[in-house]
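Participant: To start, I am sharing the structure in question, which I have written as structure tokens.
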Amino acid sequence: MFGRPRGVLGRMGGVIMSRVNRDAAAQVIKLLDVRPNDKVLEVGFGPGVGIQLALERITDGWVAGIDQSPEMVRQAAARNASALRDAKADLRYGSVERLPFADEMFDKAFAINSMQVWGDARTGLREVWRVLKSGGNLALCFTVNSGQSKDGIVESLAAAGFAQVRMADQAKLFCAIAIKP
């Protein structure tokens, strides 16, 4: 219902996620200090609420995302239809392990409650590192109900090549923030 949503339960999961994760997405976007000209990537965008909130801050940049659920791609595309028409958003079906974006394309990237369902977190982190610009920021965030432990996240980011890794505790959310040197 939440890991790889599909069918009726997937549609219901998307509705639930859009409500539950809205505050988390708003906190992450603020924490990353998304700016008007940023190019932002969301990994595992679910029903597209984080995409929608990032677009509210972006006037000259754009937002892209990848999700491994066709149902979530449909819901996010419907929620962000005007941004897709205006080429302000690029939402794709796929996997973090094979991001369909060019090297050093993004200023910022984030994932909320998705890393725990990545097929290969190490490869996924290396791919995010590849598509981030030098000096770009990554936020891996988890709500209190995600079941994700903080253990090992900092080490995983460092092993993938990220630097200045720190943990940030927010309301009902924790994030690992890192920079691509």
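Participant: Working only within the stretch 36-73, note down all residues that are crowded, with 23+ Cβ neighbours inside 10 Å and of a type in the set (Val, Ile, Thr).
Facilitator: Listed by number, the residues that qualify are Val40, Val43, Val49, Ile51, Val63, Ile66.
Participant: Continuing with this model, one more query. For the structure I just gave you, tell me whether Thr123 is hydroxyl-bearing (Ser, Thr, Tyr) and under 20 Å from Gln27 (Cβ atoms).
Facilitator: No, not satisfied.
Participant: Consider Gly135 carefully, then state whether it is at pLDDT 95 or above and surrounded by fewer than 12 Cβ atoms within 10 Å (Cβ to Cβ).
Facilitator: In short, yes.
Participant: While we're looking at this one, here's another question. List pairs: first in the stretch 165-181 and within 18 Å of Gly135 (Cα to Cα), second hydroxyl-bearing (Ser, Thr, Tyr), Cβ under 8 Å, 6+ apart or cross-chain?
Facilitator: Note: pairs meeting the criteria are Lys180/Ser134; Pro181/Ser134.
Participant: Could you look through the stretch 98-122, keep only residues that are surrounded by fewer than 17 Cβ atoms within 10 Å (Cβ to Cβ) and out of contact with any strand residue (DSSP E or B) (no Cβ under 8 Å at 6 or more places or on another chain), and pick out the one that is farthest from Leu157 (Cα to Cα)?
Facilitator: Ala102
The values are calculated or read from the model by the stated rules, or taken from the named source; none is laboratory data. None of these values were measured; they are calculated from a predicted model. FYI the Cβ positions are ideal-geometry reconstructions off the backbone, even for glycines, and counts take in every protein chain you see.
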